[in-house]
Amino acid sequence: MASRTQEELEDAYYSEANTDMRNHWYPLIASSTLTSEKPLGQHILGDPIVMYRDPATNEAITLVDKCPHRSAPLSVGRIMDGKLECRYHGWQFESNGVCSKVPSNYKIPANAKVRKYPTTEADGFVWVWPGDLDRVNQAPKPAIYFQTQRDWVQRSGVEVLDIDSSLLNENFLDPAHLPFTHETTIGKRSNSTVMTVSCEFIDKTSEGFGIGIEGFVSQPERPDLEKVQQKFHFIPPCIVSLDFGGMGDQTFYCVPTRKGHCNFVYSQRFGFLQSAEKFFLGRAMLNWYNPQYTRKILMEDYEMLKGQQERLAQGANAMNSPVPADLMIKTFRNWWRKVMKREDGGPWFTGFSSDMEDILLEGVPRRAVGGKGKVVKTGKDKVAETA
C-alpha cells in the first residue's frame with residue numbers, strides 16, 4: 001500500500017474514525033492491584049464500573065457498577081462464594097453479569113443482570129473496552145506503544161489524578177515547560193532558549209494504532225543540546241510517547257476516566273539503567289526509586305494543571321497567546337475539539353437507561369401487585385409496589 005501524503009494523513013487524523021474515543025482498549029489499572037478478594041470501583045469515559053478477579057479462573061472481570069435491584073454501587077460489595085455480592089441486599093452476580101442469587105426471594109428476575117465490559121490483560125495492565133461489543137473482535141490486541149523496541153530496563157505504574165485527560169496530554173506535548181516547572185528534577189533553567197518545533201502527521205495503523213502526530217524540538221541557540229533529539233508522538237485517543245535520542249523511551253496513557261479526572265498510566269524504558277539491573281541491590285533500588293521519582297515529577301505538573309483546570313472551569317481560555325513552541329499542543333487541541341463536537345459534548349457517560357427499572361415485577365404474577373404502597377401476599381411470592 002502506497003504511503004499517504006501529509007494532506008491525506010491530516011484528513012484521517014481529524015476523521016470520524018480517528019476521533020472515536022469509545023471504541024478503543026484502555027489500560028486502566030496495574031494487573032497486580034486487581035484481586036479476587038475485594039472489588040474495585042473505577043470509571044472509564046464516565047461509565048461507573050466495578051472490577052475484580054474471578055476466583056475460579058483468575059480472569060479480570062469488569063461490570064457496570066450498579067446493582068439492578070436498587071441501583072446501589074456493587075464496588076462496595078464483597079466477593080462471596082466466587083461471586084460478586086451487593087452489600088445492600090446480598091444479590092449475587094456471576095462473572096458474566098447475570099444475577100444468580102436473591103436471598104429475599106424464591107425467584108430471580110429474568111432481567112436481573114448488569115453489563116459486562118470486554119476486559120483483558122497485557123504488558124502488566126488491565127485493559128477495558130468501553131465501546132461497541134460488535135467491534136471489539138476486529139480491534140487490534142492491546143499493547144503498550146513504544147517508538148523503539150530496544151532491550152532496555154522497563155518500569156511502569158498508574159497514578160489516579162483529578163486532572164482532565166486533555167490537559168495532561170497537552171502537558172506532555174509541551175517541551176517549553178520543562179526548564180521551569182521541573183527545575184528541581186529533570187529541567188534546567190539554563191537550558192531555556194528559543195525553540196523550533198516541527199510537527200507532521202504519522203500513520204501507525206499497521207502497528208495496531210491510529211493516525212497521530214510526530215513532533216521534533218530544536219534549540220538552534222544551543223548546539224550542545226542538539227546532540228539529543230527529542231521526538232514526541234501523540235496517538236489518539238490518549239497516548240503520548242517521548243523518545244530522548246537513545247537514552248530513554250517513555251509512553252504515557254492519559255486515560256479519560258471521567259470529566260476532570262484521569263488515570264496516568266506510564267511505561268518507561270531506560271538504556272542507562274541496564275548495568276544497575278544486573279545486581280540485586282540495583283534492582284531493589286530501581287523498583288523503589290523510579291516510581292518515587294516519577295511521582296515527584298508528576299506532582300510538579302499537577303500543581304500547575306490543577307490551577308489551570310480550576311481557571312478553565314471559571315471560563316478562562318485554554319490558550320490565549322500561542323507561540324511557535326505550542327505547535328503540538330495546538331494540533332492536539334484541534335483534534336480534541338473534533339472529539340467534543342462529534343457526539344454533542346464528547347464521548348462521556350450520559351446516564352443510565354430505564355430498561356431495567358421494573359425488574360422486581362419480572363416473573364411475579366401481576367395479581368400480586370396491589371394498590372400503591374400496599375403489600376400483597378400470594379403464597380411464596382411477595383412483593384411491595386413502590387411506584
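The values are calculated or read from the model by the stated rules, or taken from the named source; none is laboratory data. What you are looking at is a predicted structure, and each value in this text was computed from that prediction instead of being measured. Quick reminder, even Gly has a Cβ in these numbers, built from the backbone with ideal geometry, and neighbours come from all protein chains shown.
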Among (1) buried (at least 17 other Cβ atoms within 10 Å of the Cβ); (2) of a type in the set (D, E, K, R); (3) touching an Asp or Glu at 6+ places or on another chain (Cβ under 9 Å), the one test that Glu85 misses: (3)
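This table checks each residue for (1) farther than 24 Å from Cys254 by Cα; (2) of a type in the set (A, V, I, L, M).
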{"residue": "Asn111", "(1), (2)": "yes, no"}
{"residue": "Tyr117", "(1), (2)": "no, no"}
{"residue": "Glu121", "(1), (2)": "no, no"}
{"residue": "Lys141", "(1), (2)": "no, no"}
{"residue": "Leu167", "(1), (2)": "no, yes"}
So in the stretch 156-174, with the set limited to residues that are touching a Gly at 6+ places or on another chain (Cβ under 8 Å) and surrounded by fewer than 20 Cβ atoms within 10 Å (Cβ to Cβ), which one is farthest from Leu45 (Cα to Cα)? Ser156
Per-region count, the stretch 186-204, residues surrounded by 15 or more Cβ atoms within 10 Å (Cβ to Cβ) and under 29 Å from Gly260 (Cα atoms): 6
Among what's in the stretch 99-134 and is aliphatic (A, V, I, L, M) and exposed (fewer than 14 other Cβ atoms within 10 Å of the Cβ), pick the residue that is nearest to Ile44 (Cα to Cα). Leu133
Of the residues Lys113, Lys66, Lys107, only one is in contact with an Asp or Glu (Cβ under 8 Å, 6 or more places away or on another chain), touching a residue at least 12 places away in the same chain (Cβ under 8 Å) and either assigned by TED's automatic domain parsing to the domain that holds Glu159 or not hydrophobic (A, V, I, L, M, F, W, C) (or both); which? Lys107
Given Met247, Met299, Met285, which one is under 16 Å from Phe172 (Cβ atoms) and either among the hydrophobic types (A, V, I, L, M, F, W, C) or modelled with pLDDT of 85 or more (or both)? Met299
In the list Glu121, Glu94, which residue meets the criterion of being more than 20 Å from Cys67 (Cα to Cα), at pLDDT 95 or above and among the acidic types (Asp, Glu)? Glu121
Kindly provide the set of residues from the stretch 205-219 that are among the small types (Gly, Ala, Ser), surrounded by 13 or more Cβ atoms within 10 Å (Cβ to Cβ) and under 27 Å from the mean Cα position of the chain (by Cα), ordered by number. Gly208, Gly210, Gly212, Gly215
If you go through Phe180, Phe209, the only one that is at pLDDT 90 or above and either in contact with a helix residue (DSSP H, G or I) (Cβ under 8 Å, 6 or more places away or on another chain) or at positive phi (or both) is Phe180
Find all pairs meeting these conditions: Cβ atoms under 6 angstrom apart; at least six residues apart or on different chains; first residue within the stretch 128-147 and outside the structural domain of Gly46 (by TED's automatic domain parsing) and within 19 Å of Phe349 (Cα to Cα); second residue part of a helix (DSSP H, G or I) and polar (S, T, N, Q). none
Would you mention how many residues in the stretch 64-93 are under 25 Å from the mean Cα position of the chain (by Cα) and assigned to a loop (DSSP other than H, G, I, E, B)? 7
Within the stretch 155-206, considering residues that are without any contact (Cβ under 8 Å) to a residue 24 or more places away in the chain and part of a helix (DSSP H, G or I), the one nearest to Gln268 (Cα to Cα): Leu178
